[in-house]
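The values are calculated or read from the model by the stated rules, or taken from the named source; none is laboratory data. Note that the structure is a prediction, hence the values are computed from the model and not measured. Here the Cβ positions follow ideal geometry from the backbone for every residue, glycine too, while neighbour counts run over all protein chains shown.
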Amino acid sequence: MGKRKKRLVKQIRGLEKQKEKHEIKVETEKGKLDTTPDYWRGEISDLERQIEERWSKLIKLRKKKSKK
């Protein structure tokens, strides 16, 4: 696996871990001024979008590699 693919996989794993942490915060924490459960839900949706972008890049790289 190339360096770029490894980096994308590592980024996806890291984003998924962050998403899990934020989901726990939504369930457990009451929130303060700027860290309300709605804030964490917004962060989760942003992380999901980033994960999808990374997956699409990874898939494009794999298709490009298989065409050669």
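For (1) in contact with a Pro (Cβ under 9 Å, 6 or more places away or on another chain); (2) surrounded by 11 or more Cβ atoms within 10 Å (Cβ to Cβ); (3) hydroxyl-bearing (Ser, Thr, Tyr), each residue gets a yes or a no:
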position: 14; (1), (2), (3): no, yes, no
position: 19; (1), (2), (3): no, yes, no
position: 22; (1), (2), (3): no, yes, no
position: 26; (1), (2), (3): yes, yes, no
position: 37; (1), (2), (3): no, yes, no
position: 44; (1), (2), (3): no, yes, no
position: 60; (1), (2), (3): no, no, no
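Six or more apart or on different chains, Cβ under 8 Å: which pairs go from a residue in region 36-63 that's more than 11 Å from residue 19 (Cα to Cα) to one that's among the β-branched types (Val, Ile, Thr)? Could you list them? Correct list of pairs: 37/26; 54/12; 55/12; 58/9; 58/12. Name the residues in region 1-31 that are in a helix (DSSP H, G or I), acidic (Asp, Glu) and at pLDDT below 90, would you? 27, the sole residue that qualifies.
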